[in-house]
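Following: one structure in structure tokens, then a few remarks.
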Amino acid sequence: MHLFNFGINHRTAPVTIREQTSFAPQQLESALEDLTHSGGADEAAILSTCNRTEVYCSHEQEDSDIIVDWFCDFHKLKTDHLTPYIYRNPDKEAVRHAFRVASGLDSMVLGEPQILGQMKDAFATAHKTGVTGKMLNQLFQHSFSVAKQVRTDTLIGASAVSVAYAAVKLARQIFADLSRQTVLLIGAGETIDLTAQHLKQQEVGHIIVANRTVERAQKLASLVDGEAISLAELSTRLHEADIIISSTASQLPILGKGAVEKALKERRHRPVFMVDLAVPRDIEAEVGELNDIYLYTVDDLKDVVDEGIQARREAAKEAEQIIELQVDSFMNWLMSLDAVPMIRALRENADRLREQELNKARAMLANGADPEAVIEVLARTLTNKHTHTPTAALKQAGHDADKAVLEAARRLFDLQD
């Protein structure tokens with residue numbers, strides 16, 4: 001039985017290709033069933049995100065082309081069209097890849113934790129569908145354990161690697177307890193979306209999302225249990241915010257010095273932490289001159305992000321060492337599976353001989369034979385029968401000067417020189 005992983009990701013394929021090969025959530029169960037029934041896989045799991053689509057499976061044949069062909073057929077794409085974008089990882093390489101993906105080492109943002117949750121969802125779907133077995137169950141559980149160890153034993157997730165995360169990290173340093181703070185987010189694009197997610201994870205007290213299009217603000221606010229307002233309402237709500245983070249596509253500033261001065265008076269000059277992530281800037285530079293205002297721009301956060309990226313790269317080196325040790329551990333377990341049928345056959349043979357000789361001993365006792373003599377015969381017969389085949393093999397090995405067999409026998413039977 002072989003492990004196999006293949007797929008495409010942000011490193012190997014542009015978004016136009018990734019779009020064509022993704023699996024919608026409602027497709028997964030039927031795809032998994034089809035893959036295991038007619039696609040050549042014995043066990044299967046599919047991981048499909050915006051940055052990658054991967055298939056993990058176990059199969060009998062060394063040739064994995066049939067599984068890749070199934071993938072192309074499912075998406076109605078020609079194999080030669082996808083081949084330049086597909087990576088393949090057999091056996092040990094598949095294990096290493098799974099561990100690296102779960103640990104965030106293969107992600108677009110090094111060390112990001114979201115992929116681990118996505119892998120857990122992929123495994124849960126496959127397990128629920130009934131298409132995982134001993135090999136994939138162990139692979140995914142081991143992957144989750146490795147990811148946890150990497151997070152615990154390294155600083156892979158400790159440093160800011162995006163301006164959104166850097167802004168939230170800085171806010172956490174300034175305010176001891178974010179659960180008591182109100183955050184005003186201006187904009188509803190990708191950067192603000194990511195910022196909102198980080199804030200929710202930090203259990204911030206209240207989030208207000210202001211956007212030119214209120215519907216978009218409402219959509220984001222609903223995801224973080226926040227409140228949506230229009231940009232026109234900013235002047236009446238600005239004083240409520242302890243933290244203001246802005247990122248819009250506006251060509252002109254949205255917050256001027258006058259509006260912020262008015263809000264400070266209403267706040268009785270309680271300090272405000274402001275982060276302007278927009279280019280061009282959303283907040284007039286003069287706002288930073290006001291007392292009780294702590295204004296940071298995207299350039300101010302760049303150094304934090306650069307330091308964070310370098311710190312994660314260093315942590316990634318430690319993570320790779322952990323992964324290599326765990327790959328060896330998994331492969332040792334995998335190779336041990338080859339011995340299971342042999343161990344089972346050995347025990348079944350021993351049980352069969354035992355029953356045969358026990359039945360003979362019982363018959364002798366029923367016929368009035370001396371119990372002591374019966375025990376002697378039983379012990380001698382079992383000994384002879386258990387050692388007959390190994391003895392014959394050792395004699396032949398000695399005749400053939402087969403040192404490998406002789407050394408294996410020494411280890412198997414714990415024999416001394």
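Every read-out reported here was derived from the displayed coordinates using simple, explicitly stated rules and does not represent laboratory data. Note that the structure is a prediction, hence the values are computed from the model and not measured. We place every Cβ from the backbone using ideal geometry, glycine too, and count neighbours over all the protein chains shown.
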Kindly rank 381-394, 245-258, 161-174, 222-235 from highest to lowest mean number of other beta carbons found within 10 Å of each residue.
161-174, 245-258, 222-235, 381-394
To the nearest 500 deg cm²/dmol, what mean residue ellipticity at 222 nm is calculated for the chain from DSSP H runs of n ≥ 4 alone, each contributing -39,500 (n - 2.57), summed and divided by the residues?
-18000 deg cm²/dmol
Would you please give the FRET efficiency between Asn359 and His127, computed as 1/(1 + (r/R0)^6) with r the Cβ-Cβ distance and R0 = 45 Å, to the nearest 0.05?
0.50
Just report the Cα centroid separation between the stretch 15-41 and the stretch 194-269, whole Å.
41
Computed FRET efficiency, Cβ-Cβ of Ala232 and Glu286, R0 30 Å: what is it to the nearest 0.05?
0.85
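Please arrange Ser64, Ser145, Ser336 by counting, for each residue, the other beta carbons lying within 10 Å of its beta carbon, fewest first. Working shown, then result.
Working: Ser64 20, Ser145 13, Ser336 10.
With the fewest neighbours first, Ser64, Ser145, Ser336 line up as Ser336, Ser145, Ser64.
How high is the relative contact order of the stretch 189-240, given as a whole-number percent (alpha carbon pairs under 8 Å, six or more residues apart)?
Numbers: 50 pairs, mean separation 16.3, N = 52.
Once normalised by length, the contact order is 31 percent.
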Excluding residues fewer than 8 positions from Lys395 in its own chain, the lysines with Cα under 17 Å of it are Lys385, Lys403
Which label in (i) 30.2, 97; (ii) 32.5, 114; (iii) 24.9, 87 gives the computed Rg and Dmax of the Cα atoms in Å:
(ii)
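Considering Cα pairs under 8 angstrom that are at least six residues apart, work out the relative contact order of the chain and quote it in whole percent. Provide the component values of the computation, followed by the final result.
Values: 577 pairs, mean separation 51.8, N = 417.
Here the relative contact order equals 12 percent.
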Using only Cα atoms and rounding to the nearest 10 degrees, what angle (0 to 90) does helix 190-201 make with the longest principal axis of the chain?
70
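R0 = 25 Å: FRET efficiency of Lys317 with Tyr87, Cβ-based, nearest 0.05?
Numbers: r = 22 Å, r/R0 = 0.89.
Rounded to the nearest 0.05, the efficiency is 0.65.
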If you stretched the chain out fully between Met1 and Ala408, how much longer would it get, using 0.36 nm times the residue separation minus the C-alpha to C-alpha distance?
144.1 nm
Any idea what angle helix 403-412 forms with the longest principal axis of the chain, computed on alpha-carbon atoms, 0 to 90 degrees, nearest 10?
80
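Could you size up the charge dipole of the chain around its Cα centre, putting +1 on the beta carbon of Lys and Arg and -1 on that of Asp and Glu, and report it in debye to the nearest 20?
580
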In terms of the charge dipole of the stretch 2-153, which places +1 on Lys and Arg and -1 on Asp and Glu at the beta carbon, the residue among Leu116, Ser64, Ala45 farthest towards the positive end is Leu116
Degrees, to the nearest 10: 340-366 long Cα axis against longest axis of the chain
40
Explain nothing, just the number: relative contact order of the stretch 1-119, from Cα pairs under 8 Å at least 6 residues apart, as a whole percent.
33
Can you list the HN-Hα couplings for the stretch 95-100, worked out from phi with the Karplus curve (6.51, -1.76, 1.60; θ = phi - 60°), rounded to whole Hz and with x for Gly and Pro?
5, 4, 4, 4, 5, 5
Where does each of Arg362, Arg151 land when they are ranked from fewest to most other beta-carbon atoms within 10 angstrom?
Arg362, Arg151
Using modelled amide H (1.01 Å from N, peptide plane; none on Pro or chain starts), what sits under 5 Å from the amide H of Gln181, excluding residues fewer than 5 places away?
Gly205, His206
Mind checking which lysines have their Cα closer than 30 Å to the Cα of Lys257? Skip sequence neighbours fewer than 8 apart in that chain.
Lys169, Lys200, Lys219, Lys265, Lys302
Any idea how far the Cα center of the stretch 45-63 sits from the one of the stretch 341-385, in Å?
51
Sequence gap of 8 or more, or different chains, plus Cα separation below 21 Å: how many lysine pairs satisfy both in the stretch 2-153?
6
As a percent rounded to 5, the proportion of antiparallel DSSP bridges among beta bridges in the chain is 45
